[in-house]
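All remarks here apply to the structure that follows.
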Amino acid sequence: MLYATRSSSTTAAKRTFLLSYYTYYYYSSSMMDQLLKEIIPPKEEEKNATHPYEHLVKAKVLRDARIFHDSILVRERPRECRDILCQIMYLQNDPTSTSSRLTKTEATDLFFASTKLFVCTDDAPLRRLVYLFIKEMRPLCDPSDVIIVTSCLTRDMTSSVGSYRANSIRVLVGIIDSAMLGSIERYIKQAIVDNDDAVRNAALVAASHLYSQSTDNATIVRRWVGEVQEALEAGGWIGGGMAQANAARLLLQMKGHDRLGMAKMLQKYGGRAGGGRIRSPMAVVMLMRLSSKLLIEEIRSVGRRDGGGDDAWDVREVSSLGGLCFDYLESGLSNSNGMLSYEAARQICSLPNLGTANLSRAMECLRGMLFSDKSIVRLAAVRTLSNVTRTRALALCNEGLEVCAGDDDAHVATLAVTTLLRAGGEATIDRILGNISSLFHRISEEHKIALLQSLGGLCLNYPNKHEAIVSILSNLLHEDGGFDFKHSIVNCIVSLIGRVPESTERSLLHLCEFIEDCEYAMLSTKAMHIIANYGPSTANPSRYIRYISNRLILENATIRAAAVSALAKFAASCLSLRQSVLTLLKRCLNDEDDETRDRAAVAVSVLKEAMTLNPYVPPSLEEYDAVGNESPSEGDLASMIYLRPLPMSFNSLEQSVVTYASTPGALENAEPITFSSLPCIEKMNEDVAPTTDITFEQANLDVKDPAATLYAIPELADFGRVFRSSIATSLTEEETEYVVRYIKHILDHHVILEFIIRNTVEDIRIENLTVELEGDSNTFEIIGDVPAGKVECGETVSTFTVLKRRADSFKPTCFTCQLNFTAVGVCPDSGEQLGEGYAEEYPLEPLTLTPSDFIGATMVSDFRRAWNDARNEALGTFTVQAKSLGAVVEQLGMTPCDGTGRLPADASESNLHTLHLSGMFLGGHLVLARAQLMTRKDGSLLKIVIRSDKKEISDTVMSCIHCE
């Protein structure tokens, strides 16, 4: 312990010592410093006290450390040695000064000097500080110098003092390697079965660290399985049974890749949870998690995707091992230890697609926890129930969840309400909606946003509740709150309008009232955008004009510009309102803001021309129904400009223009730039995960334009602009001598194959590289290639092969590939050539060109409008090998639209799910598809309709589907 000369520094000295001591055990000084500040907070009079080590001088401390070399003084003055060690570690870890840090030479000298402190054997505090000092200095010293301390530590491993044995093992783990581990193996094995619980724990934790350091260490540690099992069976209750827990963790670590071994371990040590030979609660928790892991694997191994019904399937029927695992978990539900009963219930609830019968006991256990007087127990139970998907099983806990909905703890109340909104009955939801306003007043914004998301999901199950939900949202809009909270409310209203059209008018009126006093310009502009999108389709769109026109007078420039665009949309949609909106927009022509003036000028000009070409004729009294419901005629100028979306997003448009400008000769071309003439910018599908792995290097290739490589080669640039380029695909394994990948560059009449070749052989240089192709059809003709020069070891080059496509033919073609090159031996050290080169052939995997290669995965902004405009369609029903939506998307080479690429949370792929796909075929032809995939035992059934502007293209895209 440290001794300070002034009483005001006593607490600071105590904190410094505890920080040093616990850093040794827990490896994190910053975390312990924060913890100790909470455990021992400084008193008011000590906050400005001087730290006892604040004015240390490194030179003086290094001079005082010479005492370590005198064994007599070390034995006589151990207290002084302890103080010097603490001073050195303080200097090394002082965050306020870098000049006090030790150099490598100083650290090495002090490290060797500290080893001489082992002569003092009767001072335990000094020995503990020596262990800590060795751990702190080891990273600063050369590994070959650190080895010298192993003899001292090995001697302590056989000491009669238990703390010396335990601490020496902890320090030795960070020093030795696999070569030295064999020499001290017998000492660690003895420590694993030692009678001292601290020594046994230290040895087991050390073995766990050694196992994960290297494969050589893991091979040695596996030989200790007998001693580890003995430690697991011996147990030891000191410290809560940590020895058994550490032994169980190490044993699971050893058998992590041995499924049969883990099953035998569960059979041997399972029994009833908490009983038998395993008494440590933490060890029992590990066995429970092992049971859950094995049971999930058993369910997947038999291909069980769904229980088929709430009560139709018993998980014990999977296999005998599955029954053993589930029985073990169920036995834990009745354990007297609350932690174990909760863990058992949690693991059971995490199993996929269990029936109500299997979940009933776990639900009863969690229901009892909901009425606990401990807040943390209620929180754990509610959090587990919030992840259960079986509505009928959750009904057993509805009473407890309703009680928790009024809990004083905001976390508990929020989780309980969100769970009830998702799975509660209609009567329960009515009670929750009646009291939810009071809950919003006492929870944080984070929890409010979670509740709003649950309210949005409620509309799917109970659309008739939209009036109550809209009323709640309108009240929240007028309350105080931050941007994220108000933004979530607006998003919830938009979601409600899309799912329940009956709520449109009432929701829009609340948004109109919201923009009257909204303090966030971004939310005001978004609300006006929503009103402009949905307002014209209501029965009386003119009622919203007043709210928007007020923004032209009372708001800032950003909101005024958004209001001009919103009014222009109303005028474009409603012929009867054009004259009134035109009058309002003319007042903005003299606005002080440039953006507002420009938008108003464009809108006035467009509306005047549209009114001239298509004048509005009021209906007669007999035809009169409601003002504003007149749809603009086909080809109306205002409708085309303000209502018809762009064929691509602004980001895609920007990338397409940049790519177009980089094409050789594009800017000198006299032809006007149109959307159809721009390059295809593919959208990476974020909803559907690919079924094939993409390596890191492939991801890097997707960041830049792959066609830029072609444009830099004059012979290839003459072929014209590239329509699209595929991602890099491997033709060899990554571990082979020559790694080859290829990219397909699609042009109007040609296909250029780029082969990316990397040499991994150290003593070989390859030259004159070409890839020889041989196709199985006459669709493509090989007309030339661009060979690569030479490739040293570790270098990467590209070679190109040009294929000419037969006109109007997209028949799938498979090519056999062979890499031809000249191999030259070189000296690995000097790089000099050794002898003459020799010709060599290296076979590659075949590659295939399919019609999907000529489709760019582009997104359409309005799928419904585009689908109605495309008239030429092809229909088909197939039995395919695809088992997921991602496989269908990959086969077609298109991208999902309208969020259909991901299944709803409450659906499975065995149910019919409609997938909307879009893409751009070679030549600028838009291709759309609607597909339904239903998985069955005898195969997957795919129903698909494909539309485009040409029947031949629809049939070609249909041929992409791989039938069985």
Just the projected area, averaged over all directions, of the convex hull on the alpha carbon atoms of region 812-854: how many nm²? 4.7
Rounded to the nearest 0.05, what FRET efficiency do S444 and D898 give with R0 = 30 Å and r taken as the Cβ-Cβ distance? Could you check? 0.35
Could you work out [θ]222 nm for the chain from helices alone, using -39500 (n - 2.57) per DSSP H run of at least four and dividing by all its residues? Round to the nearest 500 deg cm²/dmol. -15000 deg cm²/dmol
Counting residues in region 410-507 as N, plug N into 2.2 N^0.38 Å and put the Cα Rg over that result. 0.98
Starting from one equal scatterer on each C-alpha and no solvent at all, send me the Debye-based log10 I(q)/I(0) for region 333-386 at q = 0.27 Å⁻¹, two decimals. -1.11
Where does helix 483-499 land angle-wise versus the long Cα axis of the chain, in degrees 0 to 90, nearest 10? 50
To one decimal place, what Kirkwood hydrodynamic radius in Å is obtained for region 530-594 from all pairs of distinct Cα atoms? 11.8
Surface accessible to a 1.4 Å probe, per residue, for the residues of the chain, Å²: 48
Cβ-Cβ cut-off under 11 Å around S503, Lys and Arg +1, Asp and Glu -1: the net charge is 0
Taking the mean number of other Cβ atoms within 10 Å as a proxy for protection, how do you rank 371-381, 918-928, 670-680 from highest to lowest? 918-928, 371-381, 670-680
What number comes out for the charge environment of S677, summing +1 per Lys or Arg and -1 per Asp or Glu over other residues with Cβ under 14 Å away? -1
Angle between the Cα long axis of helix 259-269 and the longest principal axis of the chain, 0 to 90 degrees, nearest 10? 50
Nearest-0.05 FRET efficiency for D593 and D517, computed from C-beta distance (R0 30 Å): 0.90
Convex hull of region 480-625 built on C-alpha atoms - directionally averaged projected area, nm²: 9.4
Estimated inter-spin distance, I713 and D94, nm [label 7 Å along Cα→Cβ]: 6.3
Helix 426-440 sits at what angle to the longest principal axis of the chain, using alpha carbons and giving 0 to 90 degrees rounded to 10? 70
Expressed as a whole percentage, what fraction of the accessible surface of the chain belongs to carbon and sulfur atoms when a 1.4 Å probe is rolled over the protein heavy atoms? 51
Suppose the chain between D314 and V786 were pulled fully straight at 0.36 nm per residue; how much longer would it get relative to their current alpha carbon spacing? 163.6 nm
Mind ranking 220-226, 637-643 by how tightly packed they are, going by the mean number of other C-beta atoms within 10 angstrom, highest first? 637-643, 220-226
Once Rh for region 740-819 is found with the Kirkwood sum over Cα pairs, what is the Stokes-Einstein diffusion coefficient at 37 °C and 0.692 mPa s, in µm²/s? 242
Please express the Cα-Cα pair-distance distribution P(r) of the chain as a list of whole percents, one per 10 Å bin, running from 0 to the bin with the greatest distance. 2, 8, 11, 14, 16, 18, 16, 10, 4, 1, 0, 0
What is the spin-label model distance, in nm, from S375 to E841 if the labels are put 7 Å beyond Cα along the C-beta direction? 7.7
For an R0 of 51 angstrom, estimate the FRET efficiency from the Cβ-Cβ distance between T558 and S809 and round to the nearest 0.05. 0.40
Roughly how many whole Å is it from the C-alpha centroid of region 857-881 to that of region 128-168? 71
What is the sum of charges, Lys and Arg at +1 and Asp and Glu at -1, for the other residues whose Cβ falls under 12 Å from the Cβ of R77? -3
List the GluC sites (Glu not before Pro) within region 537-620 that fall in a DSSP loop (any state other than H, G, I, E or B) and whose Cβ has at most 11 other Cβ atoms within 10 Å. E592
Bin by bin, in steps of 5 Å, what percent of the Cα pairs in region 71-162 do you find, going until the bin that has the longest distance? 2, 13, 25, 23, 20, 12, 4, 1, 0
Could you tell me which of L333, P896, W224 has its Cα farthest along the dipole of the chain towards the positive end, charges placed at Cβ (Lys, Arg +1; Asp, Glu -1), taken about the Cα centre? L333
For region 325-454, what D do you get in µm² per second when you plug the Kirkwood radius from alpha-carbon pairs into Stokes-Einstein at 37 °C and 0.692 mPa s? 222
Over the heavy atoms of V602, what accessible area does a 1.4 Å probe trace out, to the nearest 10 Å²? 80
Rank F755, F810 by accessible area, highest first, at a 1.4 Å probe radius? F810, F755
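The values are calculated or read from the model by the stated rules, or taken from the named source; none is laboratory data. Small disclaimer: the values here were computed from a predicted structure and weren't measured. Every residue, glycine as well, gets a Cβ built from its backbone with ideal geometry; the counts of neighbours run over all protein chains shown. Protein only, heavy atoms only, side chains kept; ligands, DNA and RNA dropped before computing areas. Shrake-Rupley method; radii C 1.70, N 1.55, O 1.52, S 1.80 Å.
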